[in-house]
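J.: Here it is: the structure, laid out below.
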Amino acid sequence: MMLLFYQNLGKICYAVAAADKEVHPLEHTKLKELVKKHWLDTAIVKGTCSSNAAYHIELVFNSLNNKNNLDAHTCFKDFVAYKNLHKHLFTTKIRRLILKTTSEIAHAYSGINKSELIMLAKLDIELKKP
């Protein structure tokens, strides 16, 4: 179950990075940095260790990035569907960390653009839903 959680995080990170139809290497580098900095030590379920599983964020991001023409909006919808089915995993702390991570990825290359801003706003709205 935890691998699926991290795989969906990879999808939302990719969705934000690819919102403008291009994933810049700096966005990928920022994701790697953020996984190491924030996600390796974050327990999603109390009492569980997530260090190795957190690398699935990067694996999914890389996989999606290597598949040309994969739609960012499809990845976004997949993440939202997962979130809606597993609401108990999305604590306030996790929701904030998701927003922080995706926002930093969007800002990694030349600041945030309109497509990324719209994607981040939609994500913020989705994460605020009960």
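J.: Expressed in nm to one decimal, what extension gain is obtained for the pair residue 124 and residue 36 from 0.36 nm per residue of sequence separation less their Cα-Cα distance?
T.: The residue 124-residue 36 span can extend by a further 29.4 nm.
J.: Report the gain in length on full extension from residue 59 to residue 96: 0.36 nm times residue separation, minus Cα-Cα distance, nm rounded to one decimal.
T.: Working it through step by step, the gained length comes to 11.1 nm.
J.: Between residue 66 and residue 107, what FRET efficiency follows from the Cβ-Cβ distance if R0 is 25 Å, with the result rounded to 0.05?
T.: Efficiency, rounded to the nearest 0.05: 0.60.
J.: Just round it to a whole percent: the fraction of Cα-Cα distances in the chain exceeding 16 Å.
T.: Distances greater than 16 Å cover 57 percent of the Cα pairs.
J.: Once you list every other residue whose beta carbon is under 15 Å from the beta carbon of residue 21, what net charge do they have if Lys and Arg are +1 and Asp and Glu are -1?
T.: -3
J.: Below 9 angstrom from the Cβ of residue 34, what's the summed charge of the other residues (Lys, Arg +1; Asp, Glu -1)?
T.: +3
Every number here is computed from the coordinates shown, using simple stated rules; none is lab data. Here the structure is a predicted model, which is why all the values come from computation and not from measurement. We place every Cβ from the backbone using ideal geometry, glycine too, and count neighbours over all the protein chains shown.
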